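K.L.:
Encoded as structure tokens, here's the structure I'll be asking about.
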Amino acid sequence: MNNILDIRNISLNYRNKIILSDVSCEVKRGEFFVIIGPNGAGKTSLLKILAGLQKAQQGSVLIKGKNISAYTRRSLSKTMAIVPQQIEIGFPFSVTETVIMGRTPHLGILGMESEKDFAIAQEAMAFTEVTHLAERKLFQLSGGELQRVIIARAICQQPDIILLDEPTTALDPAHQLKIMDLMEKFRREHGTTIIMVSHDLNLASMYSDRLLLLKEGRVVKTGTPKTVLHKKLLEESYGCEMEIDESPLGQVARVTPVPDKYKPL
Amino acid sequence: MNMPIGRKILLTSLLLSIVLMVSSILAISAGSSGLHFWETLAILAGKGEPDSATATIIWQIRLPRVILAASVGGTLALGGLVFQALLRNPLAEPYILGISGGSAIGAIMAMLIGLSYFPGVAIFSFTGSLLVLGFVTLLAGSTLGNTMLGRDSLLLGGVMMNAFCAAVIMFLISMTRSFQVQHILYWLMGDLSALQKGQLPILLLVLPCFAVIYVLARPMNLLLLGRETASAMGINVKNTVLLLLVITSLMVSVIVSLSGLIGFVGLVIPHIFRLILGPDHRLLVPSCILGGASYMIFCDLLARVLPSSGEMPVGIITALIGAPLFIILLLRRNT
């Protein structure tokens, strides 16, 4: 079986408001999969359901062919890591302490890390280029550094799937590319499946294998960036005018939202 | 300094154990008749005359009292540490969810119907705190299951519980004749003098609680990062939080039923160690137990020897020393 993730007819309501309605899709092993859609489309809720942090009222999620409810919290955490949108930095843990927390699902009852766990953490920190920050406290880091630390923590879990919730939103273009390049490189080297929620349609276009476009809790379209980043679909979903052409990089679509002042009268 | 965590825990615990030993012997040797350090050591070591008046005082009065002070200090400091982590609130202390209010109502009612300090008041007080704990557990169960509820609902529920209990306490006091009021006030301020030697084995109940909390020290680290993050890293958040809540409340209830409401230890000791040692609970749990115990023994010693006659409530000393100490540490940290 080629699908690492099968999402079947998922629905979620909260106080009579539809959050997700009959969402189905599958993600292949080793795929770079990006979920896009306007604010309030249900992207983060979908991600939380995939991570087992929230239960869908209807439908099922199969991870490696096994229903998510059949996993213990611990075994699920060995399969899947999440890089959340908001990161708690109020408590003065150092970068090393934070990264090695990713070893939690692999540790024994007293929670003491072995040399091997430290080696894995070192390797993860080297990969995301935060080794020089090892002794810093989280609140002393810049946005880009913090994001790379949290990604190192996710890598430390040695999961088959990494979920990221808008990891590039607060970053400048260079740091955005850095994060995306890191994820792409990690996927290439380890075959890890990457599932990302993003508002940046151009990053999604450049990096993803396939896109899922959500609107008001429903799937508008799933497919390659070329097929999903379609003028009509995007305009209807986001509710603003969009121009789509080929990026100067070639082979990828470029999306330009059109501001009022550039619209013909 | 980058020592492996295991060695750091051992070293810190060893150091604090020495502090605990020294302060215990000091407290046992000091009394109204002055300080007899070496004589006390000899008696504790089994030498000297076993039937002398000093030996009787040491074995029957001072040693039990020091053991009680150590248990109270260790339990309250650990309780504060756990609640600060669970509620992710620096102002949390072991009484914050209303345990204190429940036990105070129980204790006051027992005093009003004229029961003795032990077992009457202790049992009533323990029952009172169990009732509150039951309510808080129900509340926690329903708020934890619902991720959409704010993370502070448990805290707010507890604060309301406390406010309600405070009103009942005020009502009970207002209905009380004056000679009983002093008893009640002493209980509310915390009192280590009422314990009899025979009641000491009850204190053993807190030891298994310490062990469970130590095992949950690493999950507590993750809870600091938020419930979802802890979940995502393999922690069963609901079970962990409920277990910590119940275990901690139980041991605090046991302690409160024997000693009354000794304040401030549970708030300040965890903060002091967090400032010195950082946020890792695997280090903080043993440190708070040992450090809280030493601190309480020391404060109780002062409460006994400072006044020229009688003694003052130890809760006054804990805050008088702890508050300035904490502020000094905070200022030094910031410069």
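K.L.:
Enumerate the helices (runs of 4 or more DSSP H) found wholly within the range A:190-265, keeping only those where 3 or more residues are of a type in the set (D, E, K, R).
P.N.:
Here the list reads A:231-238.
K.L.:
Do we find a residue being surrounded by fewer than 18 Cβ atoms within 10 Å (Cβ to Cβ), of a type outside the set (K, R) and out of contact with any Cys (no Cβ under 7 Å at 6 or more places or on another chain) anywhere in the range B:246-269?
P.N.:
Yes, the range B:246-269 contains at least one residue that is surrounded by fewer than 18 Cβ atoms within 10 Å (Cβ to Cβ), of a type outside the set (K, R) and out of contact with any Cys (no Cβ under 7 Å at 6 or more places or on another chain).
K.L.:
Taking the condition closer than 20 Å to B:L188 by Cα, acidic (D, E) and open to solvent by 30 Å² or more (accessible area, probe 1.4 Å), does B:E39 pass?
P.N.:
When the stated conditions are applied, B:E39 does not pass them.
K.L.:
Can you confirm whether B:P208 is surrounded by fewer than 19 Cβ atoms within 10 Å (Cβ to Cβ), modelled with pLDDT of 90 or more, more than 20 Å from A:T72 (Cβ to Cβ) and not hydrophobic (A, V, I, L, M, F, W, C)?
P.N.:
yes
K.L.:
For the range B:30-53, indicate whether the set of residues that are touching a residue at least 24 places away in the same chain (Cβ under 8 Å) and of a type in the set (A, V, I, L, M) is non-empty.
P.N.:
So far as the range B:30-53 goes, yes, one or more of its residues are touching a residue at least 24 places away in the same chain (Cβ under 8 Å) and of a type in the set (A, V, I, L, M).
K.L.:
State which residue is farthest from the chain's Cα centre (by Cα) when the search covers only the range B:188-221 and only residues that are part of a loop (DSSP other than H, G, I, E, B) and hydrophobic (A, V, I, L, M, F, W, C).
P.N.:
Checked the range B:188-221; the qualifying residue farthest from the chain's Cα centre (by Cα) is B:L216.
K.L.:
Which of the residues belonging to the range B:1-30 are open to solvent by less than 50 Å² (accessible area, probe 1.4 Å) and either within 20 Å of B:W59 (Cβ to Cβ) or out of contact with any helix residue (DSSP H, G or I) (no Cβ under 8 Å at 6 or more places or on another chain) (or both)?
P.N.:
B:G6, B:L20, B:S23, B:S24, B:I25, B:A27, B:I28, B:S29, B:A30
K.L.:
Give all pairs with beta carbons closer than 7 Å in which a residue from the range A:231-250 that is under 22 Å from A:L212 (Cβ atoms) meets a residue that is among the hydroxyl-bearing types (S, T, Y); count only pairs at least 6 apart in sequence or on separate chains.
P.N.:
Pairs found: A:M242/A:T256.
K.L.:
Here is a further query. Can you tell me which residues in the range B:195-230 are under 30 Å from B:V121 (Cβ atoms) and of a type in the set (S, T, N, Q)?
P.N.:
B:Q196, B:Q199 - these are the residues of the range B:195-230 that are under 30 Å from B:V121 (Cβ atoms) and of a type in the set (S, T, N, Q).
K.L.:
Sticking with this one: I'd like the full set of residues that are within 20 Å of B:L261 (Cα to Cα) and either open to solvent by 60 Å² or more (accessible area, probe 1.4 Å) or touching an Asp or Glu at 6+ places or on another chain (Cβ under 9 Å) (or both), limited to the range B:192-205.
P.N.:
Listed by number, the residues that qualify are B:L192, B:S193, B:Q196, B:L204, B:L205.
K.L.:
When you scan the range A:1-44, how many residues do you find that are surrounded by 16 or more Cβ atoms within 10 Å (Cβ to Cβ) and in a loop (DSSP other than H, G, I, E, B)?
P.N.:
Going through the range A:1-44 one residue at a time, the tally reaches 6.
K.L.:
If you don't mind, another one. Out of A:A152, A:A170, which single residue is among the hydrophobic types (A, V, I, L, M, F, W, C), open to solvent by 20 Å² or more (accessible area, probe 1.4 Å) and either modelled with pLDDT under 95 or part of a helix (DSSP H, G or I) (or both)?
P.N.:
A:A170
K.L.:
In the range B:89-137, what count of residues is obtained for those that are open to solvent by less than 10 Å² (accessible area, probe 1.4 Å) and farther than 15 Å from B:M251 by Cα?
P.N.:
Adding up the residues that qualify gives 9.
K.L.:
Looking at the range B:286-298, can you tell me whether even one residue there is open to solvent by less than 40 Å² (accessible area, probe 1.4 Å) and either at pLDDT below 85 or over 23 Å from B:G260 (Cα atoms) (or both)?
P.N.:
The answer is yes; a qualifying residue exists.
K.L.:
Any idea which of A:F93, A:F139 is closer than 23 Å to B:E228 by Cβ, surrounded by 15 or more Cβ atoms within 10 Å (Cβ to Cβ) and either within 13 Å of chain B (Cβ to nearest Cβ) or touching a Lys or Arg at 6+ places or on another chain (Cβ under 8 Å) (or both)?
P.N.:
The conditions single out A:F93.
K.L.:
When the residues of the range B:211-245 are narrowed to those that are open to solvent by 30 Å² or more (accessible area, probe 1.4 Å) and in contact (Cβ under 8 Å) with a residue 60 or more places away in the chain, which ends up farthest from the other protein chains (Cβ to nearest Cβ)?
P.N.:
So, considering only residues that are open to solvent by 30 Å² or more (accessible area, probe 1.4 Å) and in contact (Cβ under 8 Å) with a residue 60 or more places away in the chain, the one farthest from the other protein chains (Cβ to nearest Cβ) is B:L242.
K.L.:
For the range B:270-285, give me each residue that is aliphatic (A, V, I, L, M) and open to solvent by 10 Å² or more (accessible area, probe 1.4 Å).
P.N.:
B:I272, B:L275, B:I276, B:L277, listed by residue number.
K.L.:
What is the number of the single condition among (1) closer than 30 Å to A:Y71 by Cβ; (2) within 12 Å of another protein chain (Cβ to nearest Cβ) that B:L275 does not meet?
P.N.:
Every condition holds for B:L275 apart from (1).
K.L.:
Right, here's the next one. Give the range A:70-90 a look and list any residue that's open to solvent by less than 50 Å² (accessible area, probe 1.4 Å) and not charged (D, E, K, R), or say none.
P.N.:
A:Y71, A:S75, A:L76, A:S77, A:T79, A:M80, A:A81, A:I82, A:V83, A:P84, A:I87
K.L.:
Please work out if A:L110 is part of a loop (DSSP other than H, G, I, E, B), closer than 29 Å to A:S142 by Cα and in contact with a helix residue (DSSP H, G or I) (Cβ under 8 Å, 6 or more places away or on another chain).
P.N.:
Criteria not met by A:L110.
K.L.:
Can A:I100 be described as in contact (Cβ under 8 Å) with a residue 60 or more places away in the chain, buried (at least 17 other Cβ atoms within 10 Å of the Cβ) and not polar (S, T, N, Q)?
P.N.:
No.
K.L.:
Can you name the residue in the range A:45-89 that is within 14 Å of the chain's Cα centre (by Cα) and in a helix (DSSP H, G or I) and is also farthest from the other protein chains (Cβ to nearest Cβ) among such residues?
P.N.:
Per the stated criteria, the residue is A:L46.
K.L.:
Filter the range A:100-121 for residues that are within 19 Å of A:R187 (Cα to Cα) and more than 8 Å from chain B (Cβ to nearest Cβ) and give the result.
P.N.:
Result: A:I120, A:A121.
K.L.:
Another one. Does A:R188 count as out of contact with any helix residue (DSSP H, G or I) (no Cβ under 9 Å at 6 or more places or on another chain), among the basic types (K, R) and away from chain B (no Cβ under 13 Å)?
P.N.:
yes
K.L.:
So if I check each of B:A211, B:A232, B:A217, which one is in contact with a strand residue (DSSP E or B) (Cβ under 8 Å, 6 or more places away or on another chain) and either farther than 21 Å from B:I67 by Cα or among the small types (G, A, S) (or both)?
P.N.:
Step by step, each of B:A211, B:A232, B:A217 is checked, and only B:A232 is in contact with a strand residue (DSSP E or B) (Cβ under 8 Å, 6 or more places away or on another chain) and either farther than 21 Å from B:I67 by Cα or among the small types (G, A, S) (or both).
K.L.:
A follow-up question, please. So which residues in the range A:103-121 are in contact (Cβ under 8 Å) with a residue 12 or more places away in the chain and of a type outside the set (F, W, Y)?
P.N.:
A:R103, A:T104, A:P105, A:H106, A:E113, A:D117, A:I120, A:A121
The values are calculated or read from the model by the stated rules, or taken from the named source; none is laboratory data. Note that this is a predicted model, so its numbers are computed, not measured. Positions of Cβ are generated from backbone atoms using ideal geometry, with glycine treated the same way; all protein chains shown enter the neighbour counts. In case anyone asks, the SASA skips ligands and DNA or RNA and just uses the protein heavy atoms, side chains included. Shrake-Rupley method; radii C 1.70, N 1.55, O 1.52, S 1.80 Å.
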